[in-house]
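*Asks:* Provided herewith is a single structure, encoded as C-alpha cells, for subsequent inquiry.
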6 protein chains.
Amino acid sequence: MATVKLIEYGAASPEVRAVYDDIMATRKTDWVNNFWKALANHPPTLKRTWESVKEVMGTGALAPLIKEMVYLAVSVTNGCEYCIRSHTAGARKAGMTDAMLGELMAVVGMANETNRLANGYQVEVDPPFMTVPD
Amino acid sequence: MATVKLIEYGAASPEVRAVYDDIMATRKTDWVNNFWKALANHPPTLKRTWESVKEVMGTGALAPLIKEMVYLAVSVTNGCEYCIRSHTAGARKAGMTDAMLGELMAVVGMANETNRLANGYQVEVDPPFMTVPD
Amino acid sequence: MATVKLIEYGAASPEVRAVYDDIMATRKTDWVNNFWKALANHPPTLKRTWESVKEVMGTGALAPLIKEMVYLAVSVTNGCEYCIRSHTAGARKAGMTDAMLGELMAVVGMANETNRLANGYQVEVDPPFMTVPD
Amino acid sequence: MATVKLIEYGAASPEVRAVYDDIMATRKTDWVNNFWKALANHPPTLKRTWESVKEVMGTGALAPLIKEMVYLAVSVTNGCEYCIRSHTAGARKAGMTDAMLGELMAVVGMANETNRLANGYQVEVDPPFMTVPD
Amino acid sequence: MATVKLIEYGAASPEVRAVYDDIMATRKTDWVNNFWKALANHPPTLKRTWESVKEVMGTGALAPLIKEMVYLAVSVTNGCEYCIRSHTAGARKAGMTDAMLGELMAVVGMANETNRLANGYQVEVDPPFMTVPD
Amino acid sequence: MATVKLIEYGAASPEVRAVYDDIMATRKTDWVNNFWKALANHPPTLKRTWESVKEVMGTGALAPLIKEMVYLAVSVTNGCEYCIRSHTAGARKAGMTDAMLGELMAVVGMANETNRLANGYQVEVDPPFMTVPD
C-alpha cells in the first residue's frame, strides 16, 4: 500500500488527465499503472517523469527491447520490487523471450559479482582503458 | 594500487598461466588485464570467475554487444571505477557507438531515478504484473 | 515477520524497559515500535542505537523536520520498506506537508539519476570543487 | 578522466551552447562544470537533465538550501565522488555552515545504519505506519 | 510470487534433476528451496551457480559458519529479503547463536554507517594503508 | 583530499584530544588515522562513532578477526575506497591471511551475485525460512 493516495482517472485534475491520456495513447493501453497514479500527487513530477521516460525509452540507436532489458537489469541490481515486476512485464511485451531473460539475469548476477571483486581488491585501471576518445 | 600483488605471467604458476592463456585466446588479445592479475592470488576464484564470464558473455539469445552494454549499465549503477572503464572499452570494442552509449546512460539514469520513486512511495504492484508465466 | 522475536514491554528485562521508557518519554508516545522490539534481543545494540538516534535527531543547526526528511531521503535511496514507512510517518508528524514530500522525492530521484551519470562518464572533478576549507 | 570528451563552449553546437548559457544565467556563474560538458556528448540528455534539475531544485515548499543538502545526502549514500564534491560546494554556496554539514553527515550515517538493522531483522511494519493518507 | 515458474523435481529435466540431487546430497536435506527452482528455468545458470556456491562455501581457510555469516552480512547490506531469511536460517543451522547474530548485525550496521562518513568527507587514504603486500 | 580540514592532534581541542588518546590507547598505536581527523570537525560525531566502534568491534561471541572481516565484506559491497583499504589493513593486523582474504572475497562476490538473482526473479520465501524463533 502506497504512502500516498493513488489518484484515479476519475478524481484527477485536467492537468493530470492529460498526462494519463498521453501514457495510454503512447503505450496503446486502456489503463494507467499505480506508479503514475502515485506520482500524480505531485503533478510537476508526474509530467516531468513521463516526458523523460517517453523520450528516453523510444526507438533510437538502441531498440526499445534493448532499453527495456537494461531498465530491468538496473531494477534487479537495485532490488526494487515494483520495478522488477513491471519491467519484466514490459520487457516481455517488447519481445523478451524466456531464454533472453535467463541470459540477462546471468549477466546481471556476474556483473554484480565482479564489480565487488574489482572494487574489493582496488585494482588499478589499465592504461588502455584510460584512452581519451576523439 | 591493488591491495594484493598483481601476478604477472612470468611469475604465475602453471595453473594460473593456463587461465591467462585461455583469456587471451578467447578474447584474441596478447595481454591480460589487472583484474585477472589480482584474482590470480586466489587461483580457484580466478578459474571460476573466468569460466563463468566466458559462459555468460558468449553469444546466445542475446548478442555479445547487448551483454556488454548490460554489464556496463550494472557497473554504472554500482559505481565501480575499474568496471566502468574496462566495460566501456569492452562495449566499444564489441560495436557500441557514441549514440548507443548516450542512450544507454540515459536509460540507466532514468531507471535509477524511477526505482527510487516507486520504492519511495511504496507503490503496490498492479495485478497484471503479478501474472504467473506458463 | 522478523527473524527474531519482538520483545514486548511485559517480557523485557529492566535494562530493556529503561530504554523503552526513554523512547516513549522522548517521543511523547505510549508505545514502542517494532524496530526497537527487534533490537531488544541484543540489549547493547538497542541502547547504543537509541542513544545515537536521540543525539543525532535532536534540534541543532538543522531543525528536526529537516533531519527527518533527510532520513527519509536516505531510506528511499536504500529501499528499506520499514524505514520508508516509519520515516514518512515521522516526517509528517514533524510537519512535512504533501507538497514537501513531493519535492523531496523529486530531489531524491534526480540525485540518484545524476549520481549515475556523473559516475558513469567518470567525470573528473573541477578544481573549484577541490578547495580545502579553512 | 572522463570516458567521453568534455565539450568546451567553443566547440559546442548552438543547441548545446543554448543550454550552457541557461546554466550560467540561472546559476549566476561564468563557467560550466565538467558534468554538463560530459553530458553534452548526447544533447537530448544534456537538455533534459538540465531542465529537470532547474525545475526540481528551485524554490518551492522546500528552500534551495534544504534541497542541496538532501542532494548531498543521497550522493554520500551512493558514494559518487564527483557528486559529493560538487554538491558539498553547492550546499555551502547556498548557505550550509560547518555545523550543518556535521549534523547532516551524522544523520546520513545513522540512517544507513538503521536501514540495515531494520532490513536485516526483517522487522514487520507497525499498523500505525500503514495508514492511508486522505 | 516469482516472475518465472518454480520447476518442481517431478517436472524437471534430467539435467536439472542432477543438480537438485547434488544440492540435497551436499546439504543433507530432502528438499530443494525456491531459489534453485527459479534458476532451473535457465539450466546453465542453475548449474554454474550451484557449482560456484558449493566451491565457495565449503571448508577452507574460513570455516563454513564464518562464510555463512559473511553471506548474511552482505545480504543485509543489500536488502534482499529472500537472501536475508534463507541465510539467517543457514547461519543458524551452521551454528550461529543469538549472541553471534546480535553482534554480527551490530557490525554490519556500523560498517554501513562509517562507509558513508568516510566517503562523505572524501577522506584521503593514509599512506600506511597503501602498502603493497609482498 | 577531504572536503573538511583534517584536525591534527596539535590543533585539537581537549575534547577531541581525549578521543584521540583513547583511540591510540585502545588500538595500541601512536597515530590517529585520517577518518577520525575528518570526523573531529564535529566533535559529537567523533565521540559517538568512536565509542560505538569500540563497543561493537571488541571481543564477544565473535572474535575481533571475524568482525574485521565482516567489516571488510560490507565495505567491499558498498565500494568505499577508504574503508576497503583501512579495513584490509585492519583485518590483516588481526590475523587475516592471504588465503582467508581470497575466500572472503569469493564469498562476498557470490553473495552479491545471488542476492540479485533471488531478487530479480522475486523468489518467494520458503515456509521453513519463515519460522519464528523461540
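The values are calculated or read from the model by the stated rules, or taken from the named source; none is laboratory data. All values reported here derive from a predicted model rather than from experimental measurement. Cβ atoms come from the backbone with ideal geometry, glycine included; neighbour counts cover every protein chain shown.
*Asks:* For residues that are surrounded by 24 or more Cβ atoms within 10 Å (Cβ to Cβ) and more than 21 Å from C:Asn78 (Cα to Cα), tally how many sit in the range D:85-100.
*Replies:* Residues flagged as surrounded by 24 or more Cβ atoms within 10 Å (Cβ to Cβ) and more than 21 Å from C:Asn78 (Cα to Cα) within the range D:85-100 amount to 2.
*Asks:* Let me ask you something else. Would you point out the residue of the range B:80-129, among those that are acidic (Asp, Glu) and assigned to a helix (DSSP H, G or I), that is farthest from D:Ala2 (Cα to Cα)? I'd like the intermediate steps shown before the answer.
*Replies:* First pass over the range B:80-129, keeping only residues acidic (Asp, Glu): B:81, B:98, B:103, B:113, B:124, B:126.
Then drop every residue that is not assigned to a helix (DSSP H, G or I), which leaves B:81, B:98, B:103, B:113.
Values: B:Glu81: 11, B:Asp98: 14, B:Glu103: 17, B:Glu113: 22 Å.
By that ranking, first place goes to B:Glu113.
*Asks:* Right, another one. Applying the selection to the range B:1-11, what residues are farther than 23 Å from B:Ser52 by Cβ and either in contact with a Cys (Cβ under 6 Å, 6 or more places away or on another chain) or outside any helix (DSSP H, G or I) (or both)?
*Replies:* B:Met1, B:Lys5, B:Glu8
*Asks:* Just for the range A:109-134: of the residues that are closer than 14 Å to A:Val76 by Cβ and away from chain E (no Cβ under 11 Å), which one is surrounded by the most Cβ atoms within 10 Å (Cβ to Cβ)?
*Replies:* First, the residues of the range A:109-134 that are closer than 14 Å to A:Val76 by Cβ: A:109-113, A:115.
Still in the list and also away from chain E (no Cβ under 11 Å): A:111, A:115.
Details: A:Ala111: 30, A:Asn115: 28.
The selected residue is A:Ala111.
*Asks:* Kindly check whether there is at least one residue in the range B:39-60 that is out of contact with any helix residue (DSSP H, G or I) (no Cβ under 6 Å at 6 or more places or on another chain) and at positive phi.
*Replies:* Looking through the range B:39-60, none of the residues is out of contact with any helix residue (DSSP H, G or I) (no Cβ under 6 Å at 6 or more places or on another chain) and at positive phi.
*Asks:* Something else now. What are the pairs, 6+ residues apart or on separate chains, where a residue within the range D:50-66 that is closer than 23 Å to C:Lys67 by Cβ has its Cβ under 8 Å from a residue that is of a type outside the set (Asp, Glu) and surrounded by fewer than 15 Cβ atoms within 10 Å (Cβ to Cβ)?
*Replies:* D:Gly60/C:Ala99; D:Ala61/C:Thr97; D:Ala61/C:Ala99; D:Pro64/D:Gly58; D:Leu65/D:Gly95
*Asks:* Which residues, taken from the range F:94-107, are more than 9 Å from chain B (Cβ to nearest Cβ) and without any contact (Cβ under 8 Å) to a residue 12 or more places away in the chain?
*Replies:* F:Thr97
*Asks:* Anything in the range D:73-107 that is closer than 16 Å to C:Val70 by Cα and in contact with a Leu (Cβ under 8 Å, 6 or more places away or on another chain)? List them, or say none.
*Replies:* Selection gives D:Ala73, D:Ile84, D:His87, D:Thr88, D:Ala91, D:Met96, D:Met100, D:Glu103, D:Leu104, D:Met105, D:Val107.
*Asks:* Could you list all residues from the range E:43-66 that are facing chain F (nearest Cβ under 7 Å) and assigned to a loop (DSSP other than H, G, I, E, B)?
*Replies:* E:Gly60, E:Ala61, E:Leu62
*Asks:* Continuing with this model, one more query. So B:Val76 passes all but one of these: (1) closer than 30 Å to B:Ser13 by Cα; (2) crowded, with 22+ Cβ neighbours inside 10 Å. Which condition number does it fail?
*Replies:* (1) is the only condition that B:Val76 fails.
*Asks:* Let me spell it out: the conditions are (1) out of contact with any Lys or Arg (no Cβ under 9 Å at 6 or more places or on another chain); (2) free of Cβ contacts under 8 Å to residues at least 40 places away in the same chain; (3) of a type in the set (Ser, Thr, Tyr); (4) crowded, with 20+ Cβ neighbours inside 10 Å, and C:Tyr82 meets all of them except one. Which number is the exception?
*Replies:* Result: C:Tyr82 passes all but (2).
*Asks:* Go through the range F:30-42 and report how many residues are within 7 Å of another protein chain (Cβ to nearest Cβ) and farther than 18 Å from D:Glu103 by Cβ. I'd like the intermediate steps shown before the answer.
*Replies:* The first filter runs over the range F:30-42 and keeps only residues within 7 Å of another protein chain (Cβ to nearest Cβ), leaving F:33-35, F:38-39, F:41-42.
Still in the running and farther than 18 Å from D:Glu103 by Cβ: F:33-35.
The number of residues fulfilling the criteria is 3.
*Asks:* Do you know which residues across the range B:73-93 are over 20 Å from A:Met105 (Cβ atoms) and within 11 Å of chain D (Cβ to nearest Cβ)?
*Replies:* Taking the range B:73-93 first, the residues over 20 Å from A:Met105 (Cβ atoms) are B:79, B:81-82, B:84-86, B:88-89, B:92-93.
Answer for the range B:73-93, where residues must be over 20 Å from A:Met105 (Cβ atoms) and within 11 Å of chain D (Cβ to nearest Cβ): B:Gly79, B:Glu81, B:Ile84, B:Arg85, B:Ser86, B:Thr88, B:Ala89, B:Arg92.
*Asks:* Is there a residue being at pLDDT 95 or above and either assigned to a loop (DSSP other than H, G, I, E, B) or within 25 Å of C:Ala89 (Cα to Cα) (or both) anywhere in the range A:12-25?
*Replies:* In the first step, residues of the range A:12-25 are kept if they are at pLDDT 95 or above; the result is A:12-25.
Filter once more, so that each one left must be either assigned to a loop (DSSP other than H, G, I, E, B) or within 25 Å of C:Ala89 (Cα to Cα) (or both): A:12-13.
Within the range A:12-25, one or more residues are at pLDDT 95 or above and either assigned to a loop (DSSP other than H, G, I, E, B) or within 25 Å of C:Ala89 (Cα to Cα) (or both).
*Asks:* In addition: If you scan the range A:26-36, which residues turn out to be surrounded by 11 or more Cβ atoms within 10 Å (Cβ to Cβ) and not in a helix (DSSP H, G or I)?
*Replies:* Within the range A:26-36, A:Thr29, A:Trp31, A:Val32, A:Asn33 meet the criteria.
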